[in-house]
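Nothing in this text is a laboratory measurement; each read-out follows from the coordinates by a stated rule. Computed from a predicted model, the values in this text were never measured in an experiment. Here the Cβ positions follow ideal geometry from the backbone for every residue, glycine too, while neighbour counts run over all protein chains shown.
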Amino acid sequence: MLAGHAGHLPGSRGPVLVPPRGRLAGVVRRADLYLYQTIRSSAHWLKTERAIKVPLPLGVKLRMWRRGFLSESVALYDLTRNDPADYLTDYQRFVRCPRINTWNGLYDHKMGLRAFLLASGFRQAETLAYLYEGRVLADPFSPDARSIQPAELLERLRGEGSEYGYVVKPEDGACGQGIFLLMYRNGEFLRQRGPDVEPFDLEQFIRDLAAKPRRAGQASNATLIERRLVQGAFWDRLYPQSANTIRLLVLWTPGEPLPFIARASQRIGTAHTIPTDNFTGGGISAPIALGTGVLGTGRTHPVKGQQPGRRFTHHPDTGAQLAGAVLPHWERITDAVIRAAASLPFNRMAGWDVLMDRDGQPVILEANGLSGVDVLQIHGGLLTDARVRRFYDSFGVLGRRRHPTVR
């Protein structure tokens, strides 16, 4: 019970306990934030559903909406045959999960997370330039960081002529959106996204960023240019033209001394996703056995990409083995993400994306406090694991009612 003083409210028959003014203000602020998060998340949920074009009978859609699933997830998790109660729902993820972490801001901006990871001793890709409102900050994480003119940046990139190219990405982007590979070949800059390679005017790109209107809720049109990482031989054999990353969902249940890895999958790019391994864009997801690092059968998104709903024991473009292959340095990978997650005790949940470099060292590319779970749950519901269920239940994410399988 809140400590306070007795008072009377209009229409009441007796005294009620009124919290002290400061504490009452705090209660109101928390309630107001809770309401705002619910409205904002619910609006995003509805907007996402309207954008999805999945051919399902209206009756099935209505039943699954009541259970908190978007139409896309019905197809993604095959919920007409699998038990919906085994899966974290879209409603739970959009509306309830955002309240788990104390501060997701660190994950929302790559510059902030990269600074934290570098300070904590984790290897990172070399950031060559930070483009912000028409300005160029060269080597932002170096003692020699300085502002330069766009022409000087172009001259530097031409002079280095990186064999592997450069990765250009929005500073606050997610899901591989807006990322492309920049190369300098035969006297000109080239841009590659997917199979298409085209001439690219980098100087005009910088001017366009400065002039581009900001999106709602976006701090800026800030962009990073980084040296492309060279991945380890195992991952290069899977598909050499994309960065093939590992997604690990790490959870930290209140009362437990350390976080734990709930689920992991290996993402592999295809000719349609270069230079990323974007699952919704046509990439492949293969489950990883947490105890051994052994890969399972790869799958593509059932309704998106160029080869929807396919299963692969071998990569369709390279022939590299997927099912049964053992990830090198698996313990090194899991140790890195557990240490990174444990360094953020104010946050309890994140999806970590890791690339293994050619030196056998894990490089954390990014993390997301409200990580998408499609690339994980396509291989089975997260809630079949009692430890995972206990985590979500401890934050009030789960309802008590279990729904039968929809037919």
key: Two-decimal Rg/Rh across segment 122-162, once Rg and the Kirkwood Rh are taken from alpha-carbon atoms   = 0.98
request  = List, in order, the whole-Hz ³J(HN,Hα) value for each residue of segment 229-242 obtained from phi through the Karplus relation with A = 6.51, B = -1.76, C = 1.60 and θ = phi - 60°; use x for Gly and Pro.
outcome  = 6, 9, 7, x, 4, 4, 6, 5, 5, 4, 6, x, 8, 10
task = Using amide H atoms built 1.01 Å from N in the peptide plane, name the residues 5+ places from E366, or on other chains, whose amide H lies under 5 Å from its own.
result = D353
request  = List the relative contact order of segment 184-264 as a percent without decimals, with contacts defined as Cα pairs under 8 Å and 6+ residues apart.
outcome  = 13 percent
ask   = Given a cut-off of under 8 Å on Cα pairs at least six residues apart, what relative contact order in percent is computed for segment 231-369?
value = 25 percent
ask   = Given charges of +1 on the Cβ of Lys and Arg and -1 on the Cβ of Asp and Glu, with all other atoms neutral, how large is the dipole of segment 231-369 about its Cα centre, in debye to the nearest 20?
value = 420 debye
key: Amide H contacts under 5 Å for A271, placed H, 5+ residues apart   = none
Anisotropy class of segment 139-296 from Cα gyration tensor, a/c 1.5 cut = prolate
key: Under-5 Å amide H pairs with L56, H placed in peptide plane, nonlocal only   = none
task = Find the eigenvalues of the gyration tensor of the Cα atoms of segment 127-227, then list the square roots of 5 times those eigenvalues as equivalent ellipsoid semi-axes, largest first, in whole angstrom.
result = 20, 18, 13
inquiry  = Once the convex hull of the alpha carbons of segment 296-407 is built, what does its volume come to per residue, in cubic angstrom?
reply    = 163 Å³
message = With a cap of 13 neighbouring Cβ atoms within 10 Å, and only residues DSSP puts in a loop, list the trypsin sites (Lys or Arg not before Pro) found in segment 77-169.
response = R81
ask   = Charges only on Cβ, +1 for Lys and Arg, -1 for Asp and Glu: so what's the dipole of segment 127-227 about the Cα centre, in debye to the nearest 20?
value = 280 debye
message = In whole Hz and in residue order, list the ³J(HN,Hα) couplings for segment 112-121 that follow from phi through the Karplus curve 6.51 cos²θ - 1.76 cosθ + 1.60, θ = phi - 60°; x for Gly and Pro.
response = x, 5, 5, 4, 4, 5, 5, 5, 8, x
ask   = How large is ³J(HN,Hα) for each residue in segment 372-377, as worked out from phi by the Karplus curve 6.51 cos²θ - 1.76 cosθ + 1.60 (θ = phi - 60°), to whole Hz, x for Gly and Pro?
value = x, 10, 4, 5, 9, 6
key: Inverse of mean 1/r across different Cα pairs in segment 231-369, Kirkwood, Å   = 15.2 Å
